1. Looking at chain A, what % of the alpha carbon pairs are farther apart than 27 Å?
2. Classify chain B from the C-alpha gyration tensor, please: rounded if a/c falls under 1.5, else prolate or oblate depending on whether a/b exceeds b/c.
3. Fully extended, how many nm does the chain gain between residue B:250 and residue B:146 (0.36 nm per residue separation, minus their Cα-Cα distance)?
4. Which three extents, in whole angstrom, do the alpha-carbon atoms of segment B:136-213 cover along their principal axes, largest first?
5. Relative to the isolated chain, which residues of segment B:103-119 have their accessible area cut by 30 Å² or more in the presence of all protein chains (1.4 Å probe, heavy atoms, no ligands or nucleic acids)?
6. What ranking of B:61, B:222 comes out by heavy-atom accessible area, probe 1.4 Å, highest first?
7. Would you mind giving the total buried accessible surface between chains A and B, with a 1.4 Å probe and ligands, DNA and RNA left out, rounded to the nearest 100 Å²?
8. Taking the Cβ of residue B:257 as the center, what net charge do the other residues with Cβ under 10 Å away carry, scoring Lys and Arg +1 and Asp and Glu -1?
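The values are calculated or read from the model by the stated rules, or taken from the named source; none is laboratory data. Bear in mind the structure is a predicted one, so any value in this text is a computation, not a measurement. Every residue, glycine among them, receives a Cβ derived from its backbone with ideal geometry; neighbour counts consider all protein chains shown. Remember, those area values only see protein heavy atoms, side chains included, never the ligands or the DNA or RNA. Shrake-Rupley method; radii C 1.70, N 1.55, O 1.52, S 1.80 Å.
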Amino acid sequence: MILSPIDNGIVLDHIKPGGGFELYNILKLGELKCQVALILNATSLKMGKKDIIKIAEPIELDLDVIGYIDPGVTVNVVKDGKVVKRTHIEAPELVKGVIKCKNPRCITSTEQELVQMFKLTDREKGVYRCMYCESKAK
Amino acid sequence: MRSLIDILELTTQEIDELIDKANDIIANPAKYSEKCRGKKLATLFFEPSTRTRLSFEAAMYELGGNVLGFSEAQSSSSAKGESVADTIRTVSCYADIIAMRHPKEGAPLVATMKSRVPIINAGDGGHNHPTQTLTDLLTIKRKKGRLNNFTIGFCGDLKFGRTVHSLIGALSRYENIKIILISPDELRVPEYIKEEVLDKKNIEYREVSSLDEVMPELDILYMTRVQKERFFNEADYLRLKDSYILTPEKLFSAKADLSILHPLPRVNEISVAVDDDPRACYFDQVLNGKYVRMALIMKLLGVR
């Protein structure tokens, strides 16, 4: 399958195979008016298989969200057909407003205007815990 | 401005200083009787309490300060649906320091984000209770003369027992502490305590269900109540509430210098017949709680 390269926009590369759709949804890419390509199970020398997302417009992305979902992703910014910036995403120390605490005893369960905040407590295992009650993100 | 939400926010050096200060207050109470003259402590208790609230209030009075606040959520605007954030914004206009208890975990952290004055976590749900930990540490230090080199058994409700969680965190920073966790399967210590504290700090611990089999090993026995208010299902509470009852007979195999601690209130998990045993320290804890809270209030208000 051949997809033409984009001239201007963003390419999310090295997404874990099967993870592309989750990123597409959580980044709300379906709401964009520009062309967006979601490629599943592309061949990868490094990973064997990978997913790729191409966005044909230079938009702002929340890199912390991407880092929480899949810390191995590479974000390429493309301008005039060339990659002008490449960022290797890492798991962020703090994730705000993405995950919801499931602990019914947490203060966020009753005061719902509070910003949900999760901190990274184990980088190796990718464990995030609620800042308020320390419950593990699920 | 400094608050206290989690005991681990204090270094071991700061804890040592608070213990030293509390011991000095015990020895020379008159020296401290005017230290907080003109200062006000607000005690905001959204959940019932006897010891913690009264010890905070007694502490502030003995420092020469004043106290305002409420002792149940129903007597505050919380009953009308006011948020923790708005309550704290309001009270921090009137008080110099706030001690707060709330049934929801993380509520005192929310308070620190909105407050203009120091916040002391006086217990948040089943999460943390740092000033009880200071009380426990002062009691252990006074009884044992040290905060290292002992085996401590935590017995009862280790899942919702916030005093257990905070004390385990504090003790994990001292040398050669061995921990035995005694509980029914349903009330085991939460996984975050095991993963984030015990495993990360390589603390020697084991989980058992029989108090009798480990009693001879213990230097300290920390009993806890199975807390009715933490259960969503009363049937579960009734099934578990009498899991462990400490009696004089059960202490036959214990060490002669065992220290028995309990954060109180107790229901029936320690027989009153144990109260006269010289190894019972839980009413010493009650008194120590006032002195260590005096030391903490002074520290957070920057009073020397």
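1. Working: 2615 of 9453 pairs.
The answer is 28 percent, as a whole percent.
2. Prolate shape, in that a/c is at least 1.5 and a/b is the bigger ratio.
3. Values: separation 104, 0.36 × 104 = 37.44 nm, distance 2.61 nm.
Full-extension gain reported as 34.8 nm.
4. 35, 28, 21
5. Output list: B:104, B:105, B:109, B:110, B:113.
6. On the way: B:61 130, B:222 0 Å².
I get B:61, B:222, largest accessible area first.
7. Details: alone 9040 and 13090 Å², together 20460 Å².
By this definition, chains A and B bury close to 1700 Å².
8. Working: positive: B:143, B:144, B:255, B:279; negative: B:219.
After counting each charged neighbour, the total is +3.
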